[in-house]
Structure formats: C-alpha cells, structure tokens
1. Under the Karplus relation 6.51 cos²θ - 1.76 cosθ + 1.60, θ = phi - 60°, what is the ordered set of whole-Hz ³J(HN,Hα) values for region 228-239, x standing for Gly and Pro?
2. Among DSSP bridges having both ends in the chain, what percentage is antiparallel? Round to the nearest 5.
3. At a 1.4 Å probe radius, carbon and sulfur cover how many percent of the accessible area of region 259-310?
4. Across region 347-363, in residue order, what do the Karplus-derived ³J(HN,Hα) couplings come to in whole Hz, using 6.51 cos²θ - 1.76 cosθ + 1.60 with θ = phi - 60° and x for Gly and Pro?
5. With a point put 7 Å past each Cα toward its Cβ, work out how far GLU323 is from ARG65 in nm, to one decimal.
6. For the chain, what is the mean residue ellipticity at 222 nm derived from helices alone (per DSSP H run of n ≥ 4: -39500 (n - 2.57); sum divided by total residues; nearest 500 deg cm²/dmol)?
7. Order the peptides 146-159, 247-260 from the highest to the lowest mean number of other Cβ atoms within 10 Å of their residues.
8. Report relative contact order for the chain in percent, whole number only (criteria: Cα-Cα under 8 Å, sequence separation at least 6).
Amino acid sequence: MAVKYLVVGAGLFGSVAARQLAERGHSVLMVDRRGHLGGNCYSEKVQGIDVHRYGPHIFHTNNLRVWKFVNQFVEFNNYRHRGVVQSGDRLFSFPINLQTLHDLWGVRTPAEAQQKLAAQRVVCPDPQNLEEWALSQVGPELYETFIRGYTMKQWGRDPRELSAAVLRRIPIRLTWDDSYFDDTYQGIPVGGYTRMFENMLDHPRIELELGVDFLEHRQELESQAPRILYSGMIDQFFDFRFGALEYRSLRFETETLAGDYQGAAIVNSADAQVPYTRIVEHKHFARTKSDSTVITREYPLAYRPGGEAFYPISTERNEKLLERYKTLAAHQAPHVMFGGRLGAYRYFDMHQVIAQALSCVDRELGLTRRAA
C-alpha cells in the first residue's frame, strides 16, 4: 500500500495518532525497535497476573475525549490508587493528607494540620527549584521524611537542581481523602494494556513492523512516507547536533513469590539509602485472586547510550537545549511531528500523551478540535 505517514514508536503517542490517521483514510507504516507494541505501557501475563513490564501505569484523566477514545478498545476496571510510603521503619499514607499528618504529628483536624504546616513552612516568595518550593509548601520535616531522599534517587540530582514542576504533580490534602488522583475517570485496562494496544492497532490501514530500529534503517524508512510522527528522543533524531539532552533510566527486578507480599499495588521507599524507589505488586491493580504474586523493584539509574530513556530531566540547561532542537525541527524537519515524553521532552502522564496525539492529528488534518 502507498504510505503517507511513517509512525516511529508503537507506544501511546504513535498508536493513538496511527489509529486516528487510519480512521480518516490514511495509510500508516508503524515501526518500533522493540519486539512488542505498547511502548513502556506494555503488559504481559505471568501466572495469570497482568504484569506492567516497565513500571506501573495507572490511567487517570478528566478529559472526556481521551476517556471515550481509550474505551473504544478496552474496558477499564475501577482501580483507584492509594499510595503507601515507607520512611525509616514506618509506613505512611501518601500523597500527604490528614492521615499522614496525624500519624506523623498527631493532628486530628484540618485546622490543626494547617496551623502545624504554617509553623513548618519556610517563607520563600519566589521558589526557584524543587527544594525551595517543597520547603515553602510543607517545611523541612515533611521534606526530609518524604521528598528529599526519593527525589535524589529518582532523578540522580540534588533537588536544588530540579524544576519545581517535577513535584507539583503530587497533591497535598488537609482532609482524610487518601486518593492519589482527583480525576473523574480512573482505572486499569481489563486484561492489561497490551490488549488495548492490540485493539487500537487492529486496522487495515495500519502496517506494524516490530523489531525495526528507525535509526538503523532511516534512509529506507524516510523514503517510504512524506510525513513522519516521531516519539523517540528528539536530540537523537538530529544526531545530537547541539549536544545530548539528559534522561533518567530504570532497571527492574521482578520475581514471583507465594502469597501476598505487601498488600498494596505500590509501596514507595523515601529513604535515600534504599536503592530502589518502589516495589510494585502487580496483582493488586486488578484484585487478581492468586496463590502467587509478582513483585517488581524499580531502580532509577543514569541513562547510557543504547539503554532505555524513561524520563526527561527538567533543568535550566536542558530547557535551553530543547529550545534549540525545537527551532531546528521547525526549520529543517517541518515534515516531522515530535511527540510523547521523549519527542516532546516532557514528563507527561498517559492521558496527556493521548491528548497530545489527538491534537497533533487534528492540526495535521486541519480538523477543528472537539471540546473535551
């Protein structure tokens, strides 16, 4: 078939865009260097348990268009995430809520919590980094207990080097509400994320080739389609012309055990001396009844060329470098649409990537965006 669009990457950005383009009559060739679809959302069955291969993915959104889109391809369960954090030898409810503050300080009411927080907060009218923002919001004790050690592990940086935007994703509540997300629509795909991607890409106008590295076959692939949607690393697309952007990678240790390991889908570790950031017990996402369990310890590590880049690192240096690559893209690659976490170099959640892909196709095809 004559191909108009080459989509590089079979994760969320590429898959959503490919489906939208195909439904509007355009032929799509999609390639991914991995041997499976779904990108980092890929899930697989292990003893009847849906295991999130590349870390936990909890779907949540207030965007009705996004919610309607994904529900075309899979049913979602009603999982609502409630966080648990281990700090020292104690376990706390997380994100910070009245239960957390009661367990730490003994406060019982929102007024008591507010008074205690007000006494703790460090005055900082214009926070310039993550540490300053955190201290201005919760003070040094909560910062040291829950934030500093975890942040240093996750990002491999002193919190003073990071943008406050990294932490602003986490809510702080002065009620007993321990829900991690406030979004109207939440859940995990029944049967796993891979089923959602299989259904999404099941279209006669989409040709999928797995195990194909775009960068190794670039000339051949680029010659097959006049338009490209690219969800890989934007700096790598341009052969690191201005230097490399910085990314954070991950290592996963997964094992199958008997019984129930921790009684929760995720337990985070806030202590800097513990090398992993969290333990995921996958069967709790779907309340799977099983005598076995599968757990994954997640270890952040520095990105190395040839490895997997998971998170863009938000620093002033990287933002300036990104602007140079975006300018280069506009002038030298106007036929390429960059998206996803790596293509846009943004720490997006899943629903944000889907919304980005939908909007990208809308703009590409000259469609008026529908209200969310």
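1. Once rounded to whole Hz, the list reads 10, 10, 10, 10, x, 6, 5, 5, 5, 4, 9, 6.
2. Of all bridge pairs located within the chain, approximately 65 percent are antiparallel.
3. 48 percent
4. 7, 7, 7, 4, 5, 6, 5, 5, 4, 4, 5, 4, 5, 4, 5, 4, 5
5. Inter-label distance under the simple model: 2.9 nm.
6. -9000 deg cm²/dmol
7. Order by mean packing, descending: 146-159, 247-260.
8. Answer for the chain is 26 percent.
The values are calculated or read from the model by the stated rules, or taken from the named source; none is laboratory data. Every value quoted in this text rests on a predicted model; they were computed, and no experiment measured them. For neighbour counting, all protein chains shown are included, and Cβ atoms are generated from backbone atoms with ideal geometry for every residue, glycine included. Accessible surface areas use protein heavy atoms only, side chains included; no ligands, DNA or RNA. Shrake-Rupley method; radii C 1.70, N 1.55, O 1.52, S 1.80 Å.
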